[in-house]
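What follows is one structure encoded as structure tokens, with my remarks underneath.
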Amino acid sequence: MEIYLPIAEQSMNVFILLGLGAAAGLLAGMFGVGGGFLATPLLIFVGIPPAVAVASQANQVIANSVSSLQVQWRRGNVDLRMGLVLLLGGMIGSSAGVSLFTYLKRIGQIDFVIAVLYVVMLSSIGLLMLAESLRTYLKRRRNPEAPRGKLHTHYLVHRLPLKLRFYKSKLYISALLPLALGFIIGILSAILGVGGGFVLVPAMIYLLGMPTSVVIGTSNFQILFVAANVTFLQAATNGTVDVVLALLLIMGGVVGAPIGSRLAAKLPGVALRGLMSVLILAVAAELLTELLRTPSSIYSLSTREVLP
Amino acid sequence: MTWRLALLGLLAVLPAAFAVPAFAQRVEPPPASLPPMGGPPDSSAPPSVPTEPTTPELIVDLSLARVSITSAFQGESILMFGMFDPPGEIVVVVQGPAARETVMRKQRVLGLWLNTGRQSFDDVPAYYAIAASQPLQRLLARGAGGEILSLEDRLSTIKPATPRDSAELAKFRSGLVEVKRQEGLYPAAIGQVTVQAGRLFRVDLPFPSRLPEGIYEVKAYLLRDGKIVAAVSRPLPVGKVGFSAQLAGWSAHEGPLYGLGAILMALFAGWIGGAIVRRL
């Protein structure tokens, strides 16, 4: 069954889009991060213009994070102060990101930048995760009762000025750090259409040293508002948000998420992370091949301009 | 009088011929200017068929008055049909609205392919197709030229927005054709114009699913001894209709409002979706 996507200006099989949404939802359910970082490249693979894929994916991220934020908020797992500092950085970053996106689109380099950023990001995250899960797996085999390390270690970054107390996170750190983190996530969100949870969550744990219990809720808080900002700005400046596409992805996600969380309950964590890292690396490799392979046509057309 | 009888017969038979799946999917009723589907033509004949007993040498009509891009749009095939006074040959030219197109050229830089060159052209037709009842080269070679242009001739008239040396321009021009051809917008060979009984002709015009909007022009020429003796032009509006048109319109003209709507839609869908998932 084909459906015409009014903003992408092409027809596409409904089940492909629902399936993509379900796959992203599956990942979200399994790993607790939004599946945007895999859904966007897959949308591009099936032929959606990258600019539309990114902007519509940001729209989908809103739905994804609002349902999970609801649960986390009720359980009191949101560090509001940390969330607001991250959000401030995120708002500035995403607004700057959309401007950068618009500029890159105008000079015709946006597709290239999206692909390169995805390759860099996915391959580094995939390799880190793969190394981490292998290490854990080997360590467990040798010493199943390994003691956990300190809550977190102190680095140079903890000596920065503008220190703030984050009671819920039991942290006393410089506000500049979450601000900068939020800023970077905001830029990623604007250019890649991802929520950024897969970067934000590890960064909050390892870089800021936040306790895992509040990490998911707080990152969802930041992601929701940043995704809304990106959606608004993309719609207002580039007109690239396809709500039909976003709605199909959301609907697929509703089906995929519970399956993912059920799978996650059955499989051991190490195996899950190993599986995910392989998946991420595969997408990165495919994107890299696209960049390296001689294209079928070296010519392409950018947007038509109807002159007055 | 025989040709009018034949025309009546044609009009009565054609609607039945149109009952192919592509048309059956259409939601909106056929436009008023067309004879009602399945029924005999009523007394108010389509505008291209004069009721006056003047005898034009060329009469044409289209199977659809417009191309409507609905949510189920997958491209469309439109039939142009008509009749002419023999002898002669028929050439049909379909042209989409002209606009500025920018062609990008990729180059390998440090092993990666990225856009390094660009060239804009003005007055590029969104769509261009030409069909004839005889091999086109033969018809045009006999000096029919002038108004009828092959795709190559038509594109040689497009103006580069910025000056460049002609060898480079030619490369970008052929790149433009290459991309447009891939998208089905410059169909290389659209079905030949078929002529029956020496005076009835028909030709299928294929339109792909990624079709730019605007007013297209379908023009039929009657050639005799390499000279244009008659020409009839029909405008063919191409546009989104219904829900797609609404959304595209809001996105283009009410961007901020559309953005707010998209946010609300996602919030609501996420909330409902979450509620469903938690119930399971």
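List of remarks:
- In the range A:1-25, the residues that are at the interface with another protein chain (Cβ under 7 Å from one of its Cβ atoms) reach residues that are of a type in the set (Lys, Arg) and surrounded by fewer than 24 Cβ atoms within 10 Å (Cβ to Cβ) with C-beta atoms within less than 8 angstrom, at least six apart or across chains, in these pairs: A:Pro6/B:Lys240; A:Glu9/B:Arg210; A:Gln10/B:Arg210.
- Some residue of the range B:135-147 being in the same structural domain as B:Leu222 (by TED's automatic domain parsing), under 18 Å from the mean Cα position of the chain (by Cα), under 30 Å from B:Ala230 (Cβ atoms) and not in a loop (DSSP other than H, G, I, E, B): no
- In the range B:101-128, the residue that is surrounded by the most Cβ atoms within 10 Å (Cβ to Cβ) out of those that are more than 8 Å from chain A (Cβ to nearest Cβ) and in contact with a Leu (Cβ under 6 Å, 6 or more places away or on another chain) is B:Tyr127.
- Residues that are outside any helix (DSSP H, G or I) and among the hydrophobic types (A, V, I, L, M, F, W, C) within the range A:89-115 comprise just one, A:Ile107.
Residue-by-condition table, conditions (1) touching a residue at least 24 places away in the same chain (Cβ under 8 Å); (2) in contact with a Lys or Arg (Cβ under 7 Å, 6 or more places away or on another chain); (3) within 14 Å of chain B (Cβ to nearest Cβ):
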| site | (1), (2), (3) |
| --- | --- |
| A:Gly209 | yes, no, no |
| A:Ile216 | yes, no, no |
| A:Ala227 | yes, no, yes |
| A:Leu247 | no, no, yes |
| A:Ile259 | yes, no, yes |
| A:Gly274 | yes, no, no |
| A:Val278 | yes, no, no |
| A:Thr294 | no, no, yes |
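- Qualifying residue in the range A:49-59 (condition: farther than 17 Å from A:Ile250 by Cβ and aliphatic (A, V, I, L, M)): yes
- Sole residue being small (Gly, Ala, Ser) and either in a helix (DSSP H, G or I) or at pLDDT 90 or above (or both), chosen from A:Gly29, A:Gly34, A:Gly47: A:Gly29
- Of everything listed in (1) in contact with a Leu (Cβ under 7 Å, 6 or more places away or on another chain); (2) surrounded by fewer than 18 Cβ atoms within 10 Å (Cβ to Cβ), the single unmet condition for B:Gln134 is (1).
- Within the range B:150-169, considering residues that are over 20 Å from B:Val93 (Cα atoms) and exposed (fewer than 13 other Cβ atoms within 10 Å of the Cβ), the one nearest to the other protein chains (Cβ to nearest Cβ): B:Lys159
- Count of the range B:60-80 residues which are buried (at least 20 other Cβ atoms within 10 Å of the Cβ) and either in contact with a Leu (Cβ under 7 Å, 6 or more places away or on another chain) or within 14 Å of another protein chain (Cβ to nearest Cβ) (or both): 9
- When the range A:201-231 is filtered for residues that are within 20 Å of B:Gly261 (Cβ to Cβ) and buried (at least 23 other Cβ atoms within 10 Å of the Cβ), the ones remaining, listed by number, are A:Leu224, A:Val226, A:Ala227, A:Ala228, A:Asn229, A:Val230, A:Thr231.
- Single match in A:Ser94, A:Ser68 (criterion: modelled with pLDDT under 85 and either touching a helix residue (DSSP H, G or I) at 6+ places or on another chain (Cβ under 8 Å) or among the acidic types (Asp, Glu) (or both)): A:Ser68
- Residues of the range B:225-248 classified as facing chain A (nearest Cβ under 9 Å) and of a type outside the set (Ser, Thr, Tyr), total: 6
The values are calculated or read from the model by the stated rules, or taken from the named source; none is laboratory data. Computed from a predicted model, the values in this text were never measured in an experiment. Methodologically, a virtual Cβ is constructed for each residue, glycine included, from the backbone with ideal geometry; neighbour enumeration extends over all protein chains shown.
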